[in-house]
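Engineer: Input: one structure, supplied below.
Bear in mind that the values in this text are calculations on the coordinates, not laboratory data. In this text, all values refer to a predicted model and were calculated from it rather than measured experimentally. Note: ideal-geometry Cβ built from the backbone for every residue, glycine included; neighbour counts use all protein chains shown.
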Amino acid sequence: MYVRDARKHEEVWLLDRIEEMELDALAFRSRDYVVALDEETGERAGFGRIRIHKLDEEFCELTSLGVIEPWRGQGVGAHVVERLLDHASDQGFERVYAFVSTPEYFEEFGFERIEESALPDGLRERLEKKRDRTMPEAVPTTIGTDRFVMPPRLRERFKEARPHDGTDPDATGEEAVSDLAEEFGIDPESATYKYDTGR
């Protein structure tokens, strides 16, 4: 299992998965995404995006994170987040923001909840749009790009990740396989937004 930059030919695949998972595809650009793949089969297991907001100054947001059902609970999402933070750091960002409805998951990696008033003006507007479109319970979080922590159990699971049928809740060890939406801070009961590429 490894994570690499998305390729142009994966655009349709990404948009289809984003629609299925009812994630945010506003201002979609495939080059902003990374994809997790199985080394042996080439099967895509997960994806995510960093979105650069060019306001009075530039800000970086982690968004549109997803893990395909048979790969959930195996550290795929954590490794996608790690790769995205590496990309943000490579582009000169010292801080990344993420708007999530279950911040506890992200806190495990070093993200911190912040008050809306602490967000730059343009990102407060982004949070409001996110709440209106996909995630009514979104909470602002942030992390320094050098502060990410990978829990050792997720590092180990990722090394041995294999697709499963989702019928055995203990198939991935100590934790039950969770619904991806909840794993990435999305309330599946209220998420209704369909992607809009702006075309």
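Engineer: Roughly speaking, what is the stretch gain from R153 to E116, that is 0.36 nm per residue apart minus the C-alpha to C-alpha distance, in nm to one decimal?
Structural biologist: Additional length available on full extension: 10.1 nm.
Engineer: Taking the Cα-to-Cβ direction at K8 and at E108 and moving 7 Å from each Cα, how far apart do the two end points lie in nm?
Structural biologist: 3.8
Engineer: May I pose another question? Would you list R113, R126, R44 from fewest to most Cβ contacts within 10 Å?
Structural biologist: Fewest-to-most ranking of R113, R126, R44: R113, R44, R126.
Engineer: OK, next. Can you sort T102, T141, T134 by how many other beta carbons sit within 10 Å, fewest first?
Structural biologist: Ranking T102, T141, T134 by Cβ neighbours within 10 Å, fewest first, gives T102, T141, T134.
Engineer: Give a residue-ordered list of calculated ³J(HN,Hα) values for the range 10-25 (Karplus: 6.51 cos²θ - 1.76 cosθ + 1.60, θ = phi - 60°; whole Hz; x for Gly, Pro).
Structural biologist: 8, 4, 5, 4, 4, 4, 5, 5, 4, 5, 4, 8, 6, 9, 8, 10
Engineer: Toward the positive end of the charge dipole of the range 1-107, about the Cα centre and with charges on Cβ (Lys, Arg +1; Asp, Glu -1), which of L65, V100, G75 goes farthest?
Structural biologist: L65
Engineer: What number in nm² do you get for the range 10-123 if you take the convex hull of its Cα atoms and divide its surface by four?
Structural biologist: For the Cα atoms of the range 10-123, the hull's average projected area reads 7.7 nm².
Engineer: Additional query: Rounded to the nearest 0.05, what FRET efficiency do D146 and I52 give with R0 = 22 Å and r taken as the Cβ-Cβ distance? Could you check?
Structural biologist: Efficiency, from the Cβ-Cβ distance: 0.75.
Engineer: Obtain the nm distance between the two label points defined at D16 and E43 by a simple spin-label model: each point lies 7 Å from its Cα along the Cα-to-C-beta direction.
Structural biologist: Each label point lies 7 Å from its Cα, and together they span 1.5 nm.
Engineer: Loop-only GluC sites (Glu not before Pro) in the range 5-70, please: DSSP not H, G, I, E or B, and at most 14 other Cβ atoms within 10 Å.
Structural biologist: Passing both the DSSP loop test and the Cβ count: E39, E40, E43, E57.
Engineer: Given charges of +1 on the Cβ of Lys and Arg and -1 on the Cβ of Asp and Glu, with all other atoms neutral, how large is the dipole of the range 99-160 about its Cα centre, in debye to the nearest 20?
Structural biologist: My answer is approximately 280 debye.
Engineer: Shifting gears a bit: Which of the listed residues, T41, L55, L84, is farthest toward the dipole's positive end in the range 19-90, when Lys, Arg count +1 and Asp, Glu count -1 at the beta-carbon?
Structural biologist: Sorting the options by dipole projection puts first L55.
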